[in-house]
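A short write-up of the structure that comes next.
The values are calculated or read from the model by the stated rules, or taken from the named source; none is laboratory data. What you see is a predicted model; the values in this text were computed from it and never measured. Virtual Cβ from ideal backbone geometry, glycine too; neighbours counted across all protein chains shown. Just the protein is used for accessible areas: all its heavy atoms, side chains included, with ligands, DNA and RNA removed. Shrake-Rupley method; radii C 1.70, N 1.55, O 1.52, S 1.80 Å.
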Amino acid sequence: TINSGIASFGGQIVADGGILSNGKVQIDQTELVISSGVVTVTRGYHSLDGEDNNADDLDTINGGVDGMIVVLRANSDARTMSVTESGNIKLSSTPFALNDPKDTIMLIYQGGGSYWAELSRSDNQPD
């Protein structure tokens, strides 16, 4: 579907060559609530919050396909979401505290090993 110069697609777009953008690339974000240490990713960018708006630990990420990249950030600076290695997440050092919405961690899914590996993290100072 094309509307006002924006093309919308259902499903996947596969490019055998490269993808070139002369404009900005934007990834829509949704919030995930950690439940018993677990979230299920549905896209490439999510904010995290704890059950009942409490601090929480993220131990396991469900969903994802081999090579999928996800960026996670805290939803609020009022509580800390800690990314741990207690489940299927492999970090460069553990744990990583997301305690401000400016803090991010980027992970890639390694399907053969069924785990998410850290690519980068950014511990930014609050305003």
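A few comments on the model shown:
- Charge dipole of segment 74-127 (Cα centre as origin; +1 on each Lys and Arg Cβ, -1 on each Asp and Glu Cβ, all else neutral): 180 debye, rounded to the nearest 20.
- Springs join every pair of Cα atoms under 10 Å in this Gaussian network model of the chain, and among Ser21, Ser47, Ser93 the largest mean-square fluctuation is at Ser21.
- Here each label is just a point 7 Å from Cα along the line to Cβ, and for Arg43 and Gln12 those points are 1.9 nm apart.
- Distant-in-sequence amide contacts of Thr80, defined by a placed amide H-H separation under 5 Å and a gap of 5 or more residues or a different chain, comprise Ala55, Asp56.
- Heavy-atom accessible area with a 1.4 Å probe sorts Leu48, Leu20, Leu91, largest first, into Leu20, Leu91, Leu48.
- Summarising the amide proton neighbourhood of Ile89: residues at separation of 5 or more, or on other chains, whose placed amide H is nearer than 5 Å comprise Trp116.
- Residues whose amide H lies under 5 Å from that of Ile34, counting only those 5 or more places away or on a different chain, are Asp49, Gly50, Glu51; hydrogens are built 1.01 Å from N in the peptide plane.
- Protein accessible area in segment 1-123, 1.4 Å probe - carbon and sulfur %: 46 percent
- Summing Cβ point charges (Lys, Arg +1; Asp, Glu -1) relative to the Cα centre of the chain gives a dipole of roughly 460 debye.
- Projected label distance in nm at Thr30 and Glu51, using a 7 Å step from Cα toward the beta-carbon: 2.1 nm
- The distance between label points at Ser120 and Ser86 comes to 2.9 nm (points 7 Å beyond Cα on the Cα→Cβ vector).
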